[in-house]
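Notes follow once the structure below has been shown.
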Amino acid sequence: MTISDAQWEIAHAIALTLVKDNTDVNEVGKAVAYLRGYIHQPDATSRFFKYLKTLVSNGRQIGHSKKTTDYYISIDKACSDYLKSINDAHTILQILGWVSRLMRYYKDAGVPIGEIATPTAPPPESARQAEILQAISNQNFVVGQIIEALVTAIKGNKVTYEILETTQKLTEKEPKRALLLSEGQKVKVEILDLKEDGSIKKIKCID
């Protein structure tokens, strides 16, 4: 998936805004899934923004906690601030797909977050931008793929893995293997499921 400098700047600003607000990236994924479901409708863009407003209005009824409502408010505000001038639903979907990837990258990689600049004219691609894009673009995972992970914690039958290709951390129940593993051990894991944005949702140890 390609992205223009202008779209990169917008995706970057939205991602940093949401990470600063401690917004759950999974809620962003749900918004992306909603837009994807209506992408071929002529009113897809207006439906999407109405959907965000509905989430905010009904947050307490459909959310699990006050935090969920706060997530909806942050997502709605960020999208309204940065995407309101874009009328093409496909472009918005592409940008939000990158927002999900960038949020995970910034959270997992611990990228320092400074002031968030308002997107203006497309800037020339920086070395840092190229580095981040390369890191994210290389994460073309598929279900059934075998990758390397590091065991970072074991609590009962729950094992926390760090995916070495992405620094993403996942905790899985491993009733048959937990006792055989040790913290700091490198193992092979199989990808069992992926999230909407292509990142890993579920794995199991096979080593």
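Could you tell me which of the residues ILE163, ILE200, ILE132 is surrounded by 12 or more Cβ atoms within 10 Å (Cβ to Cβ), assigned by TED's automatic domain parsing to the domain that holds TYR106 and either of a type in the set (Asp, Glu) or modelled with pLDDT under 90 (or both)? Show your work before the answer.
Numbers: ILE163 fails: assigned by TED's automatic domain parsing to the domain that holds TYR106; ILE200 fails: assigned by TED's automatic domain parsing to the domain that holds TYR106.
ILE132 is the lone residue from the list that is surrounded by 12 or more Cβ atoms within 10 Å (Cβ to Cβ), assigned by TED's automatic domain parsing to the domain that holds TYR106 and either of a type in the set (Asp, Glu) or modelled with pLDDT under 90 (or both).
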inquiry  = Which of the numbered conditions does ARG47 fail, given that it passes all the others? Conditions: (1) out of contact with any Asp or Glu (no Cβ under 9 Å at 6 or more places or on another chain); (2) crowded, with 21+ Cβ neighbours inside 10 Å.
reply    = (2)
query = For segment 33-43, which residues satisfy the criterion of being surrounded by fewer than 21 Cβ atoms within 10 Å (Cβ to Cβ) and within 16 Å of SER80 (Cα to Cα)?
reply = none
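The values are calculated or read from the model by the stated rules, or taken from the named source; none is laboratory data. Owing to the predicted nature of the structure, the values given are computational and were not obtained by experimental measurement. Here the Cβ is made from the backbone with ideal geometry for all residues, glycine too, and neighbour counts use every protein chain on show.
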